[in-house]
Every structure is written in structure tokens, then in C-alpha cells.
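Beneath this line is the structure, given in C-alpha cells, with notes to follow.
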Amino acid sequence: GAVVSQHPSWVICKSGTSVKIECRSLDFQATTMFWYRQFPKQSLMLMATSNEGSKATYEQGVEKDKFLINHASLTLSTLTVTSAHPEDSSFYICSAKCLAGCQLGTDTQYFGPGTRLTVL
Amino acid sequence: GQQLNQSPQSMFIQEGEDVSMNCTSSSIFNTWLWYKQEPGEGPVLLIALYKAGELTSNGRLTAQFGITRKDSFLNISASIPSDVGIYFCAAKSGGSNYKLTFGKGTLLTVNP
């Protein structure tokens, strides 16, 4: 158990367009999901915490109007990169906090496979 | 802010050798986690530790939650080529704070 999927796995877009990334918990419910950004050869940087049914909490320095997060159900959170620019190119990874029934422990985060965004 | 110091930054070993990596912090944590990330993939949870002093194994992997709650180590025994990847430690404070603090990762290369 505790499988998290992301879609798309990669996307290439033109500068100025918006891109939506989906994060789904496939076999468990997640009231809390997290969005991370990772640059090459670096660790994960938390962007925001997504809470089902309420507004996301953004980390310092992350523009909430730039990175729109919607957590409309217990299994789906979306991240929309609005008016994307080349500097937004990165590997975006979501995670979901498992509350119960997960193999390696509850109250811990399981990660999706990531989405590679390239903005031309 | 909270920081995790993960070492070594990289390791090059021969197949069959044992591996050890660790994370330390000046802060106290209630949960320690070890993840493995392969190129182009998200991190995969390997071991979760919830109690100080806890020693947990997952196949050839063994990890311990330090008694001071400020450190953790991960050992891999009898390494194989598929162990290649970046290993991250992560830790969480208690209560309603669900955010993870990550180490910078240890890049493991296993020569066949």
C-alpha cells in the first residue's frame, strides 16, 4: 500500500503558459499532501503543504499566486504553475501523508514519481 | 532553522561491501526516515523510525534512531549494483508539524 502517482511524468511548455500537475494517493486517503521542488544534484525543497478542503500553506519565498495548489479531495492535489518561465524548469515531486494502513508506518510521507517540467 | 548534516556526500564501493551513512542535527526530532531516490524518480521510503534507540531492519538495510534523538544512521550490508542511488535522511518534529527536514543526500555508487 501507500502508492502515490503523479501526472504528467514530464511536460515541455512554452514560456507564459500554465501547467497543471496532479498528485494522487491511489490506495489511501491523504488529508495532507506536500509539494516539493528539486534541482539537479540537490535535496528536496518544500514548496507548500496542501490540506484537503482548505488553503495551502506556502513556505517562505514561494509565490502562492505563481504556484496554485488545490486539494479538492482526499486523494487528489493539484499544482498549477502559472505563466511559467524557464527558471521554473525543475523536478516537482509531491508526497502524501498516510494516516493508517501503510506498510512502512503511518503518519509518514510517501512520494510520487515526480514531474519533470521544462519551460522553453 | 532545523538542519540535517548528512555524510558522506558520496561513496564509491565494490559490490559485496557494507555501507554506512549517517545524519546528525543540533535539533531533536521525533521521527527519522530514510529514503532512496533513483534518477528521474521520486524518493522511496526505506525505513521509518519512531522511538529513540530503535533499531529497524528492512532486508539488507538497518537503521537506528539515535538515543539523543539528534541523529540516525543507515547501514547497507553486502551491497549490490541495484543499491545505486541517492539516499536521503529526513526527520520530523512531533505534534501537528508534519513537515520533513531533509539531509542533502548520499550518492552511492556500487562497482560490480
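Worth pointing out:
- Flag for A:Ser15 being closer than 25 Å to B:Cys89 by Cα and either at pLDDT 95 or above or in contact with a strand residue (DSSP E or B) (Cβ under 9 Å, 6 or more places away or on another chain) (or both): no
- Residue within the range B:60-69 that is out of contact with any Asp or Glu (no Cβ under 7 Å at 6 or more places or on another chain), under 16 Å from B:Leu100 (Cβ atoms) and facing chain A (nearest Cβ under 9 Å) present: no
- Of all the listed residues (B:Ser96, B:Ser27, B:Ser20), the sole one being more than 14 Å from chain A (Cβ to nearest Cβ), at pLDDT below 95 and surrounded by fewer than 18 Cβ atoms within 10 Å (Cβ to Cβ) is B:Ser27.
- Every residue from the range B:14-23 that is over 20 Å from B:Ala91 (Cα atoms) and touching a strand residue (DSSP E or B) at 6+ places or on another chain (Cβ under 6 Å): B:Gln14, B:Glu15, B:Val19
- Residue ID - surrounded by the most Cβ atoms within 10 Å (Cβ to Cβ), chosen from residues in the range A:6-49 that are of a type in the set (Gly, Ala, Ser) and more than 10 Å from chain B (Cβ to nearest Cβ): A:Ala30
- Residue selected from the range A:75-102 under the condition closer than 18 Å to A:Met33 by Cα and surrounded by fewer than 16 Cβ atoms within 10 Å (Cβ to Cβ), by the criterion farthest from the other protein chains (Cβ to nearest Cβ): A:Thr80
- Condition met for A:Thr57 (within 13 Å of chain B (Cβ to nearest Cβ), under 20 Å from A:Ala30 (Cβ atoms) and out of contact with any Cys (no Cβ under 6 Å at 6 or more places or on another chain)): yes
- As for the range B:5-15, it holds no residue that is part of a strand (DSSP E or B) and within 19 Å of A:Gln109 (Cα to Cα).
- Flag for A:Lys97 being among the basic types (Lys, Arg) and farther than 24 Å from B:Trp34 by Cα: no
The values are calculated or read from the model by the stated rules, or taken from the named source; none is laboratory data. Not measured: the values here are computed from a predicted model. Quick reminder, even Gly has a Cβ in these numbers, built from the backbone with ideal geometry, and neighbours come from all protein chains shown.
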